[in-house]
1. Residue check, B:Leu38 against (1) part of a loop (DSSP other than H, G, I, E, B); (2) hydrophobic (A, V, I, L, M, F, W, C); (3) farther than 29 Å from B:Gln116 by Cβ, all met but one. Which one?
2. Looking only at the stretch B:84-140, count how many residues are within 14 Å of chain A (Cβ to nearest Cβ), surrounded by fewer than 16 Cβ atoms within 10 Å (Cβ to Cβ) and among the charged types (D, E, K, R).
3. Pick from the stretch A:423-477 the residues that are within 20 Å of A:Arg128 (Cβ to Cβ) and of a type in the set (Asp, Glu): which of them is farthest from the other protein chains (Cβ to nearest Cβ)?
4. Would it be correct to say that A:Gly92 is modelled with pLDDT under 95, part of a loop (DSSP other than H, G, I, E, B), surrounded by fewer than 24 Cβ atoms within 10 Å (Cβ to Cβ) and touching a Gly at 6+ places or on another chain (Cβ under 6 Å)?
5. Give me the residue from the stretch A:307-331 that is small (Gly, Ala, Ser) and buried (at least 24 other Cβ atoms within 10 Å of the Cβ) and, out of that set, farthest from the other protein chains (Cβ to nearest Cβ).
6. Name the residues in the stretch B:17-35 that are under 20 Å from B:Leu235 (Cβ atoms), touching a residue at least 24 places away in the same chain (Cβ under 8 Å) and part of a strand (DSSP E or B), would you?
7. So which residues in the stretch B:51-70 are touching a helix residue (DSSP H, G or I) at 6+ places or on another chain (Cβ under 9 Å), surrounded by fewer than 22 Cβ atoms within 10 Å (Cβ to Cβ) and charged (D, E, K, R), if there are any at all?
8. Do you know which of the residues in the stretch A:256-273 that are assigned to a loop (DSSP other than H, G, I, E, B) and at pLDDT below 95 is farthest from the other protein chains (Cβ to nearest Cβ)?
Amino acid sequence: MLTRSSEVIVIGGGVNGLAAATRLAREGARVTLLETAAQTGGAMAARGAAGDMPLAHLTPGLDPRVAKGMALETRGLRFHAPLRDTALDLGGDHRTVAGGLASGADAAAWATLHQRLMRFASVLAPFRAMAPPRLKGGGNDWGALMRHGLGLRAIGAREFRELLRMVLINAADVAEDELNDPLLQGLMAHDATQGAWLGPRSPNSLILYLNRLAMGAQMRLPVGGMGSVAKAMTEAATAAGVTIRLGARVAQIETLEGRVTGVVLDDGARLLADHVVSAISPKATFLDLIGPRGLETGLLRATRDIRARGATARLTLRLNAAPNFRGADLQSRMVIAPSVNAVEEAWNPVKYGEVPKRPVMEIVIPTATEPELAPDGGHVLSALVQCAPHDPAKPKAAKTAMLKATMRVLEDYAPGLGEMVSATHFLMPWEIEAEYGLSNWHHAELSVEQMLFNRPNHATAQYATPIAGLWLGSAGSHPGGGITGAAGWNAAGAIIRGKAV
Amino acid sequence: MTGLKRATQLLTTPFHARTSAANLQGRWGPWAGYRAALCFGDVDMEYTAIRNAASVYDLCPMVKYRFTGPDAEAYLDHLTVRNVAKLKPGSVHYTLWCDDEGKVLDDGTLLRHGPQEFLLSCQERHLPWMLDAATGYDVTIADVTTEIAALSLQGPTSAAVLRLAGWDVSDLRPFRMLKVDFGGAELTISRTGFTGDLGYELWTSADHALPLWDHLMAAGALHGIRPIGTDALNLARLDAGFLIANVDFIPADQALRHDRARSPFEIGLDWLIDWTKGHFNGRRALVAERAAGSEWAMVGLDIEGNVSAEGSILYLGKKKEVGYITSAAWSPSAKRSIALAQIRRPYHESADIWVEIYAQRELQYAKLMLKADQTARPFYEPARRRTTPPQAF
């Protein structure tokens, strides 16, 4: 049980670690948050590796419980208006999407599809705010399950049937069935598979799109950049009484008689705790910090089998002038994914550890919205590039090829862009892992077989673990990542309810 | 026909030339991929050899793993429930190992050949599990089932047979090993067995199998030595109250139904667990089960009458179903109808347990409802099993 005198250690000062630490501190626990880097924020903090930008460049908006519970607005956190999407066209005939409405000849079809998918997403969204249900072992919040289950039925028999038909389908089929415009099809295919390790024609890819819609249909840019979120959350944590220790790398989680007793830092310092919340990768938590000798063989297997391959590369360009994407709105979220097949073809080579000829990508130019963010007057172009091999045979050559292909695509869409570049920061998936501990964008791949009661695996899906006092609360836990803080907030809730302690 | 061509015959053991020649009835059964003799001719004579003379049983199909390396002891302490650190080189202990839920995967005998060398002999194959469990340990694991020829020599005259074969085992205490030379190869003699009688198990390399067989048979000629099959051994092991995987419990990784797996508490083997040695596979679940109680109990039953209760269901007060028989037989040594049974707790403490037996009499079944009284295990235990030095028979 969590009590007022409970000592809690939270490992990892990213969005989920900060959310969990604050919620627990507000319950009265004495919380220490340990962060390896020199600043909190994790993927939200600019720390050099990705240039002027943090790893994550957008948020769908924080989980409302997190925003309210941490009083982030009171702390000055503001967001710019939700970003429009621009599906870039090589000929300059771009499509824009905002508020569920698209431009172009396919506007009506997009609106119909969007409404239906949003309806599905809205009945699935409440499940994101609770521990995933399970058949055995108890711990279910039956009241909430009943309510959300009724919510599912309330969409009507016909729509419920459609939901069941579509929930495990692939995104490409839906895009091609319901839309005619290749640019809009490509946009949907891209958004469904962004950050995942699959392509739009892979089974179960639509559920990732629904999950994305459940977080928020439009992406947001915080005023002052992503670092503002980190700053406000860190302030909230401190105000709640969380002790934050920077540069503190945990070397080991210590246990005795199957119970957590604390952690040992890499400098040898030993910190005692009744509870340890790991807001870092679940694989690293068990395999490195607990270690195989402290694990049951079944749990070791299940942990080793968590799939966590990343297919996203991170590009930041410092530009000395505003680029011209053939007239596209630079304040929008620009997506280069000209068709479903363009996304699928970018994905195919990655399966074999190879680099795609024409990667697809999401581009944001924060300095177009907020010029003062530019370090020296110019602009910063920030892109998440899909799909990059996570473990190629020749990493150096793969990185060179990937950057070259990315720049070639960018040059096609924004002629002259290459000459504006004054600095390039490019991270391949394995470099993101080394720098941020994220082998996959979500710590564990977001895919249907690693969702809900299987996230990150069956033994640890409800934030509690078989090791008493050890809890998981990173993006690797339900409901996954995306700069929302939901997983960390849920984990803290599980501890507060005192399940399985 | 191509299917038949591809089909593989059961393997034969290194003793096959001798066992097949002796198997007058051609009665074989599959055992872990091998052809094992069920009976050489007369099961009663074979059982009598175990209890009154000397019997030889081909142990080769037992699955055998060798563990070597600096972390072998620590690894086996992680894998199995018993304290391996307490097992001295030259000693053997009976042990078992569990999955995460504290359900039994298998049991077996662990032979410690040296500080960093062990041999585990068990019923089922577990290499993938054992290799995964070895993550983080400096230990080498090898399936050496085919490399080792093993014979079980059991019965009151077994010590005498060994003496006549040239090996003095008079000082060898139960669960200890002796290494001797046999034709240039190392022969390990362990005072272990599956019969609950005075007996030894002999382990050597596969290419020394036939000379060893011949040597023992010659040495025991005047001491009633004879080869025995699985049928006779099964009867003797039941006398001794020993369990067999896939007969008395199902290995947890083979159970299709979640509620079929059993914990050590539920098969009466919780006494093996060392709670003080630190973490081991299944410990967390077993600690919880120790506190919360178990669902099943393994009991020994003494059933009225002389009809074997194999495959029967147990009732409380002839009405409420509370358990089932896992192994049963009329024991010629105990002179009782004995059985191992699983009973749902707390009925394992009831004195009102009945067994419903369908007895076939000249092709016609008769339904019997017989009283089953709990009785101590072993059902039959001669003092010679433990006496050192062994008496001369």
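1. So the condition that B:Leu38 fails would be (1).
2. 2
3. A:Glu445
4. Details: modelled with pLDDT under 95: no; part of a loop (DSSP other than H, G, I, E, B): yes; surrounded by fewer than 24 Cβ atoms within 10 Å (Cβ to Cβ): yes; touching a Gly at 6+ places or on another chain (Cβ under 6 Å): yes.
No; evaluated as a whole, the condition is false for this residue.
5. Pass one, the stretch A:307-331, residues small (Gly, Ala, Ser): A:308, A:310-311, A:313, A:321-322, A:327-328.
Subsequent filtering for residues that are buried (at least 24 other Cβ atoms within 10 Å of the Cβ) retains A:310-311, A:313.
Values: A:Gly310: 23, A:Ala311: 27, A:Ala313: 31 Å.
Of everything passing the filter in the stretch A:307-331, A:Ala313 is farthest from the other protein chains (Cβ to nearest Cβ).
6. B:Arg27, B:Gly29, B:Trp31
7. B:Arg51
8. Kept after step one, since they are assigned to a loop (DSSP other than H, G, I, E, B), are these residues of the stretch A:256-273: A:257-258, A:266-269, A:273.
Next, from what is left, pick out any that are at pLDDT below 95: A:257-258.
On the way: A:Glu257: 8, A:Gly258: 4 Å.
Looking at the filtered set, the residue picked out is A:Glu257.
The values are calculated or read from the model by the stated rules, or taken from the named source; none is laboratory data. Fair warning: this is a prediction, and the values are worked out from it, not measured in the lab. With ideal geometry, Cβ positions are generated from the backbone for all residues, glycine too; neighbour counts draw on all protein chains shown.
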